[in-house]
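Only the coordinates and a few stated rules stand behind these numbers; no lab work does. The shown structure was predicted, so the numbers you read here are calculated from the model rather than taken from an experiment. Because the Cβ atoms are built from the backbone with ideal geometry, glycine has one as well, and the counts that use them run over all protein chains shown.
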Amino acid sequence: MLLPLKKLMNSLLVRGFLLIFLGLATFGLGLIRYDYVLNFIDSSLPFFLPRNTAEQVAYPLHLSQLGTSLLSDPRWLSNLLYMIYPAIATCIAVYLIFQKKQYVQLTLLFYSSGILLLTALVFYSILWHNYTDGYALAQYFKKIYQEPYASLLLLGSFYWDTKKKAESTE
């Protein structure tokens, strides 16, 4: 009788520890994201580049400039990391808290559709040379996916759904 209870407590402790670690890592990455671009490209520059560094390349106005910009400007890769990490962390948190495959799939769908929409806005701005309607809009909406608001909204929604289903079965 005590053995299953002990396993359950260990599992809850491990899940709690992982959730605390994810929360701290997300908070730390958010602090870094606010002030720095992660430089994975140019080894002659520091890894943590201040956001307004003169060495950063201008936004590409033509599709032919996009490859050069992607390979020489660390902001692109840094932004991609800043968008993928919250998606992965939220999926892990959703799994650890609710342990429902459906919720993890909804989380993946939410983040992947958002990333695809932002990518489409960037390509729209490059192809039609319309910086304000495409890239500037993508810059505005990327904050939804890079900051913890989306994670909190998803976790709250899943909690509410679980509670609602539990009340309806009583």
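General remarks:
- Close lysine pairs were tallied over the range 11-169: pairs 8 or more places apart or on different chains with Cα atoms under 28 Å apart number 10.
- Legend: translational diffusion of the range 11-169 by Stokes-Einstein, Rh = Kirkwood radius over C-alpha pairs, 4 °C, 1.567 mPa s; D = 74 µm²/s.
- Positive-end residue of 158, 114, 79, charge dipole of the chain with Cβ unit charges: 158
- Whole-number percent relative contact order across the chain, with pairs defined as alpha carbons under 8 Å at least 6 apart: 20 percent
- Calculated [222 nm] ellipticity per residue, helices only, for the chain: -26500 deg cm²/dmol; basis is -39500 (n - 2.57) per DSSP H run with n ≥ 4, divided by all residues, nearest 500.
- Net charge contributed by nearby residues that have their C-beta within less than 14 Å of residue 140 (K/R +1, D/E -1): 0
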